[in-house]
Amino acid sequence: MRREELLAHALTIEAETLEAEKSAIHKLYANSDIVLTDNSNQYAEGKAGGIIPYYISPSSDFLLAHGDCFQLLQEFDFKFDMIFADPPYFLSNGGISLQSGKVVCVDKGTWDKGKTPKELAAFNREWLRLSRDKLKENGTIWISGTYHNIFSVANCLTELGYKILNVITWQKTNPPCNISCRFFTYSTEFIIWARKQPKVPHKFNYQLMKLLNDGKQMTDVWRLPAIGRWEKTQGKHPTQKPLSVLSRIILASTDPGDWILDPFSGSSTTGIAANLCGRRFAGIEQEEEFCRMSRGRREELEQPGRRADLTRHIADLRLLKKEDGITVNEPPVIYGCLPFGEE
């Protein structure tokens, strides 16, 4: 695939008119397994559900529902291209850590209180079962975790019929200090990548990942920083993931215009990264405080220069811009139904 094609897949389509954009989208997907119907110009499968969104962005490329994902996932019928999930690790048991030079309690909230191994397995099995039903047949899912929960997640994926593709080791370049000095410093998290069907081919933008890795095959060890201060303009979520990690995941396994679901949306880093990469997002979050934070972060993208400012901080997007002088454009025009919010 040529560099021009790689960059077209990585970022959004720029066109002067609606008809020109439709034409460009059809040409981009002419050789793919995505069917664009003439009557709706829709390249998302399924129909919208009756959930009332907490927030919809002006361009309808960012949807957020407030509620319990175990309930809401059953209330709409829509198939997504990709799912990212950062489920609770259930580590809020009175531990301590070091932040900004101060010893602090690591308890994150009642939603993160510890569970027994049996309870943890049941929790993971159910949300993964519900999520699998929301994936297209060639769809993939990414799940972030630590050793506390990731093995349970892997077992449940296998039981439910997913095929595990990779286990990414995210090595943080700026991990928090180990204040006890009784074991090695924790500096990694794991991200499982799996596809819905064992024998249905999945999307993987291999050449793009190679381009982002100085022409070499990208490995399953990613050295990327933890969340930066520039990502906390609307407040701090206790388990917020960095945009650099989510951007790479999205660029690796989706195409422009694809729909991405996050059932544990938090402060919606997945959604912000999706929109920066020209993808579309639907999230579910049960804590209203984090819904407000998500809305504030997405509204920031409407401010002049904000998208470009975020792009400058994200290495992969910055490299794409350097390679071909491309800037991050506005999200694509929405065709067809939304995942929820419409009858």
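What follows is calculated from the coordinates using simple rules that are stated; it is not laboratory data. Treat the numbers as computed from the prediction; the structure is a model and nothing was measured. Cβ: placed from backbone, ideal geometry, glycine included. Neighbour counts: every protein chain shown.
Across the range 199-256, C-alpha contacts under 8 Å between residues 6 or more apart give a mean separation that, scaled by the residue count, equals a relative contact order of 48 percent.
Each of ILE260, THR239, GLN286 was scored by the projection of its Cα onto the charge dipole of the range 232-299, and the greatest displacement toward the positive side belongs to THR239; charges sit on the C-beta of Lys, Arg, Asp and Glu.
A DSSP coil position with no more than 13 other Cβ atoms inside 10 Å describes the following trypsin sites (Lys or Arg not before Pro) in the range 144-185: ARG182. Dividing the convex hull volume of the alpha carbon atoms of the range 145-237 by its residue count gives 161 Å³ per residue. For the range 240-301, the dipole from Cβ point charges (+1 on Lys and Arg, -1 on Asp and Glu) about the Cα centre works out to 200 debye, to the nearest 20.
Our coupling estimate for the range 157-169, obtained by passing each phi through the Karplus curve with A = 6.51, B = -1.76, C = 1.60 and θ = phi - 60°, is 4, 5, 4, 8, x, 5, 10, 6, 9, 8, 10, 7, 9 Hz, Gly and Pro reported as x. The GluC sites (Glu not before Pro) of the range 111-211 include none that meets both conditions, a loop assignment by DSSP and at most 11 other Cβ atoms within 10 Å of the site Cβ.
Amide H to amide H, with H built 1.01 Å from N, PHE62 comes under 5 Å of SER57, PHE281, counting only residues 5 or more places away or on other chains.
Our summary gives the range 139-249 a relative contact order of 30 percent, counting only alpha carbon pairs under 8 angstrom and 6 or more residues apart. In this simple spin-label model, placing a label point 7 Å from the Cα along the Cα-to-Cβ direction at both TYR147 and ARG306 gives a separation of 4.0 nm. Sorting 214-227, 261-274, 53-66 by their mean Cβ neighbour count within 10 Å, with the most densely packed peptide first, gives 261-274, 53-66, 214-227.
The dipole here belongs to the range 143-236: it is taken about the Cα centre, uses +1 on the Cβ of Lys and Arg and -1 on the Cβ of Asp and Glu, and is about 180 debye.
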